[in-house]
1. May I ask you to compute the full-extension gain from residue 44 to residue 60, defined as 0.36 nm times their residue separation minus their alpha-carbon distance, rounded to one decimal in nm?
2. Taking K and R as +1 and D and E as -1, what net charge do the other residues with C-beta under 13 Å from the C-beta of residue 145 add up to?
3. Provide the gained length on full extension for the span residue 82 to residue 34, in nm with one decimal, where the gain is 0.36 nm per separating residue minus the Cα-Cα distance.
4. For segment 71-174, which GluC sites (Glu not before Pro) pass both filters: DSSP loop (anything but H, G, I, E, B) and at most 12 other C-beta atoms within 10 Å?
5. Just to be sure I understand: if I project the alpha-carbon convex hull of segment 133-179 onto a plane and average over all orientations, what area do I get in nm²?
Amino acid sequence: MTKRKSKSPKSIVKATAEKGSVKKSSTAPASTATPPLIVLGFDEQQKPRGARFVDAKPDLVTKVADLLGFKVYEASSEDVAEIAKKLPLGRLYANGRGFVPNVRQSLYSDLVVVLGQEPDAALSKTGDKDSLPAARGLPRSWDEIGPGHLVIAQEALEYGWWEAIVLDRQGDTFILQYRDYPHLPKFVRHRSGIAMMSPPTDEAKPAAQSQQA
């Protein structure tokens, strides 16, 4: 029988070190990137605007968005991050101003619907229920509609109609806020994009009785 050669101590130490380094590198946590930020809102020309900001400081983006009356959201969930890729990149300038370009209403609506289910994504502090005007119930006519009235607004054909509070009115143009989703940005609709809700039965009775008299 021939004697089996054993490995030298140096080779054993080297192999053990290499094995340890491979194991360590394979289990090392991957670096997590900062989620992009989304800015949404309607401008003074009543056009939807939106942008995504990558590797930007949330406090700076939120400050600029507040000045524009826009909302800021963190695209941390998979659904929000996926649709955020369709937004153009926003820009922050040295003077503190931000550039948020116009976007298609269809894309804006898609984002609103997804963000409606993600209240924790909102970074803006404005737009909670306390900032809504005093509730005035249901309007009885188109001419009566004003701040505080409850109407239903169409977000898009495929997304249907949602309850909304009137914030302001300029002729046949209405500035609205979704009642059940205060974290979403305010939006603009023409009269053709909103509808009045039927008044409660107890409110309709007095009008019917007066007509009979």
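1. Numbers: separation 16, 0.36 × 16 = 5.76 nm, distance 2.18 nm.
Net length gain for the segment: 3.6 nm.
2. Numbers: positive: 136, 140, 169, 189, 191; negative: 143, 144, 168, 172.
Value of the local net charge: +1.
3. Numbers: separation 48, 0.36 × 48 = 17.28 nm, distance 1.47 nm.
Length gained, residue 82 through residue 34: 15.8 nm.
4. Of the GluC sites (Glu not before Pro), the ones in loops of segment 71-174 whose Cβ has at most 12 other Cβ atoms within 10 Å are 144, 158.
5. Working: hull surface 12.9 nm².
Computed as one quarter of the Cα hull surface, the answer is 3.2 nm².
Values quoted throughout were computed directly from the atomic coordinates according to the rules given, and no laboratory measurement underlies them. Predicted, not measured: the structure shown is a model, and the values here were computed from it. Reconstructed Cβ throughout: ideal geometry from the backbone, glycine too, with neighbour counts over all protein chains shown.
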